[in-house]
1. Using mean Cβ contacts within 10 Å as the protection proxy, how do 9-18, 79-88 order, highest first?
2. Under 18 Å Cα to Cα from Lys7, which aspartates and glutamates show up? Leave out anything in the same chain fewer than 8 places away.
3. Got the relative contact order for the chain handy, in percent, Cα pairs under 8 Å and 6 or more residues apart?
4. To the nearest 20 debye, what charge dipole does segment 3-282 have about its Cα centre, counting +1 at the Cβ of each Lys and Arg and -1 at the Cβ of each Asp and Glu?
5. Go through Lys136/Lys286; Lys196/Lys286; Lys191/Lys286 and tell me which ones have a Cα-Cα distance over 30 Å in this structure.
6. With unit charges on the beta carbon (Lys/Arg positive, Asp/Glu negative), name the residue among Pro279, Gly20, Phe192 whose Cα is farthest towards the positive pole of the charge dipole of the chain.
7. Pull up the DSSP beta bridges for segment 3-282 and report the antiparallel fraction as a percent, rounded to 5.
8. In square nanometres and to one decimal, what's the mean projected area of the convex hull around the Cα atoms of segment 35-106?
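All of the numbers you see were taken from the coordinates with simple rules; none came from a lab. Note that this is a predicted model, so its numbers are computed, not measured. Because the Cβ atoms are built from the backbone with ideal geometry, glycine has one as well, and the counts that use them run over all protein chains shown.
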Amino acid sequence: MLDIEKKFLSGRCDQHIHSGPDSYFGIYASRAWTKPSTSIRLLDNLEAAMEAREAEMRAILLKCTSICTVDRAYSAHKLVPEVEVFGEINMNETTGGLNASAIQRTVQIKPNLLRMVMLSANEPDSKRKDVLATMKDGEPLPDTLEVLKAVAEYDLILGCPANTAMVKAAKSVGVKKISLQHPEYLHVTGKFDLEKEMASLGVYLELCLNTCMPPNPRISYEEYANIIRAIGAQHCVLVSDMGQIYNPTPVQGLRMLIVNMLQQGISEEDIDIMTKENPAYLLGLK
């Protein structure tokens, strides 16, 4: 590993890494050469932790769209104790749906490495069939509220889309840590109403490298920098969202994002806030 990577990443956290094994094929789902046994992640859990250790990073969070990653976080951390490795649960069909009991049982595993619960904000008539409905007429379903209560009880991060009703419901039952996933999907260039509303509700916005990458970037580095200036670094977290076989590694990705934010005029102090202080708080490290 280059010394420059250690310089930029020492002591930092990445709370959005996709590692293998994984069954999500994404853009490769329709390709003839993909098979169920084909690995579609660039590195596995142990390799992700080892790479983070080499870069002298403080912590990583392993994400997966189809399974709980707490057990793989345990194995990776046991073999790479120099790096804090955490896991998450996605509330979808493959993990039992809106399943508060899954959260309650998972946190009983010692050491407790569960740090994030992912939840959609879909209505029953949504065209999205890959995630469960959690809302009805703009209000959380009863099972959704039970999930939110479990997130609050164990002081976990709620990972969710930009949905004011969901955020307010989470706040009403005591959820303190909310991380908005992919705000760039709803971002309107040059306008920051959505981001300002979420920040006013105490939500942290994850700004990830993945959606800046070719061939179809959803947002530019310049616009990410504009978001940071509009709402303040105290409301943002920089993450790689790397692990895809067609992208850089997570360590390389986080470094790329940091370097590009510096080139856009974001200060080193703000970079530290978004890669050290904010994720350390969300992950329960301070």
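1. 9-18, 79-88
2. The qualifying aspartates and glutamates are Glu51, Glu54, Glu56, Glu82, Glu268, Glu269, Asp270, Asp272, Glu277.
3. Numbers: 539 pairs, mean separation 49.1, N = 286.
Value for the chain: 17 percent.
4. 400 debye
5. Lys136/Lys286; Lys191/Lys286, as the Cα separations exceed 30 Å there.
6. About the Cα centre, the residue reaching furthest to the positive side is Gly20.
7. 15 percent
8. 5.5 nm²
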